Amino acid sequence: MKEKILDLFTRDALETARANNTYRTMRLMESPESSRVKIRMPNGASQEQILLASNSYLDLANVGELKQAMAQAVLEWGTGSGGARLTTGNKTIHQELEEFIAKFKGEESAITFNTGYMANVGTISALCGKNDFIFSDELNHASIIDGIRLSRAKCFVYKHNDMVDLKRVILAAKAEFSTREMHTENAAIHATAKQDARSFRGLIVTDAVFSMDGDLANLPELLRIAKENDCLLMIDEAHATGVLGKTGRGLAEHYGCAHADVTVGTLSKAVAAEGGFVAGKQQLIDFLRNKARSFIFTTAMAPAVAAAACNNLRYIDVHPERVQNLRDNVNFFCEALQYEGVNVVQSPSAIVPIVIGDEARALKISAALQDAGILIPAIRYPTVAKGQARLRASLMATHTREQLQTAASVISQIIKSTN
Ligand SMILES: Cc1ncc(COP(=O)(O)O)c(C=O)c1O
């Protein structure tokens, strides 16, 4: 009987996923994250692979001095924080990390969350409520979408990176707001109780680097539109921190322009630790400390993780050449792929999507690449739209030219042979 009830909740979804080639399994890695890894093959054997799929873009997870520093932090701080930030979990190392993030990002203040996912969900749902309007790029990350859903604000999705469409939806929202206010006012007059006038509140939110496409949000134009329309602007720099700009400060450094009002980021990708953050004005950070539920109602990140994030960020600060090596590698790899006849554009980030289209074909190519010693997973629906399955290659600062040239040739051969 119990199994029958479980079937009721789960069987259809699993069967549909299997039928659509979207059923997910996990790959087992036997070595730490780096540009070369060892994985467990389906037959149980170990195999070395060139890893072209990591978010550890600067390859810091496996740097000797940073591992030592984290081990030392465990000895100093123990294994866990033991409480929420607002009870007993807040250690001096958490504060040190937040101060360093603020400095690194050139902001007044910063607050950390346990993951980037929690930073997005907590920030959006704290800032916006059901009377507010959110303008969201159609390719935004799931954590932004979930934050919007949780906020219950009215969401207008604009076409990817389309600033004309963004202006169109802002106008539509303002018109809806005026109509709504008129009705509220009329109702209030009938009820002979005058309501306070409410102001229009709109939040524009976008990924800085789109995680499955590798392209960039147009920050200068977004800043202009936000200002012109009295909207708040939030960008998610999950794939931008440590990657964009000469010293890895992110999208504003890349464009040489002002910052968004709210900058979210993660400590789990180029920074190679774990956690998320928001950087901005002191008032914003004070507000989130008081109102973001994913900050308040959870145990603080382990102090050793905070220490690792802080040490790794400091490392990026004094080693900008890593950021430059990453950029050079991306340029080299894109050119090598183009030379081999693979249809890719020059990526401005560390992410190079090779769009295949059909889900089953993308899986087949990814499996053939793995057999050839190159690890690039196939990304499928629902992570990307149906029929837009792709190999999502991502580069590291430490890949060698030889590895990248070999990978480009093998990718080209395998794509051609599975036509
Ligand atoms: C754009 C974007 N935002 C947020 C996140 C979540 O960050 P985290 O892995 O730290 O939860 C991710 C990836 O996981 C992402 O790609």
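The values are calculated or read from the model by the stated rules, or taken from the named source; none is laboratory data. Worth saying up front: this structure is predicted, and the values here are computed from it rather than measured. Neighbour counts run over all protein chains shown; Cβ positions are idealised from the backbone, glycine included. Accessible surface is based on the protein model in full, side chains and every heavy atom, while ligands, DNA and RNA are left aside. Shrake-Rupley method; radii C 1.70, N 1.55, O 1.52, S 1.80 Å.
Which members of region 149-163 meet the condition of being open to solvent by 10 Å² or more (accessible area, probe 1.4 Å) and in contact with a strand residue (DSSP E or B) (Cβ under 9 Å, 6 or more places away or on another chain)? So that I can check it myself, show each step before the final result.
Taking region 149-163 as the starting set, the residues that turn out to be open to solvent by 10 Å² or more (accessible area, probe 1.4 Å) are 149-150, 152-157, 159-163.
Within region 149-163, ARG149, ALA153, LYS154, CYS155, PHE156, VAL157, LYS159, HIS160, ASN161, ASP162 meet the criteria.
Only residues that are within 30 Å of ILE411 (Cα to Cα), open to solvent by 20 Å² or more (accessible area, probe 1.4 Å) and touching a His at 6+ places or on another chain (Cβ under 8 Å) were counted in region 49-94, giving 1.
Filter region 377-392 down to the residues that are buried (at least 18 other Cβ atoms within 10 Å of the Cβ) and farther than 23 Å from ALA208 by Cβ and list them by number. Listed by number, the residues that qualify are ALA378, ARG380, ALA389. The residues of region 115-147 that are in contact (Cβ under 8 Å) with a residue 60 or more places away in the chain, more than 7 Å from the ligand (Cβ to nearest atom) and not hydrophobic (A, V, I, L, M, F, W, C), listed by number, are GLY122, THR123, SER125, ASN131, ASP132, SER136, ASP137, ASN140.
Pairs linking a residue in region 250-270 that is within 19 Å of TYR117 (Cα to Cα) to a residue that is open to solvent by 60 Å² or more (accessible area, probe 1.4 Å) and within 13 Å of the ligand (Cβ to nearest atom), with Cβ atoms under 8 Å and 6 or more positions apart or on different chains, are LEU267/GLU274; SER268/GLU274. Selection of region 346-371 for residues being closer than 24 Å to GLU335 by Cβ and loosely packed, with under 15 Cβ neighbours inside 10 Å yields GLN346, GLY357.
Selection of first residues in region 312-332 that are within 25 Å of GLY275 (Cβ to Cβ) and of second residues that are β-branched (Val, Ile, Thr) and open to solvent by 30 Å² or more (accessible area, probe 1.4 Å), restricted to Cβ pairs under 9 Å at least 6 apart or on distinct chains, gives the following pairs, ordered by first then second residue: ILE316/THR247; ASP317/THR247; PRO320/THR247; ARG322/THR398; VAL323/THR247; ASN325/THR398; LEU326/THR398. For region 84-132, the tally of residues that are more than 22 Å from the chain's Cα centre (by Cα) and of a type in the set (A, V, I, L, M, F, W, C) stands at 3.
Counting only strands (runs of 3 or more DSSP E) that sit completely within region 212-297, zero hold 3 or more residues that are more than 16 Å from the ligand (Cβ to nearest atom) and closer than 21 Å to GLN346 by Cα.
Among residues belonging to region 298-309 that are assigned to a helix (DSSP H, G or I) and within 16 Å of the ligand (Cβ to nearest atom), point out the one that is farthest from LYS105 (Cα to Cα).
Per the criteria, the residue is VAL305.
Only helices (runs of 4 or more DSSP H) whose full extent lies in region 70-166 are considered here, and the ones with at least 1 residues that are under 27 Å from ARG198 (Cβ atoms) and in contact with a helix residue (DSSP H, G or I) (Cβ under 8 Å, 6 or more places away or on another chain) are 116-127, 142-151.
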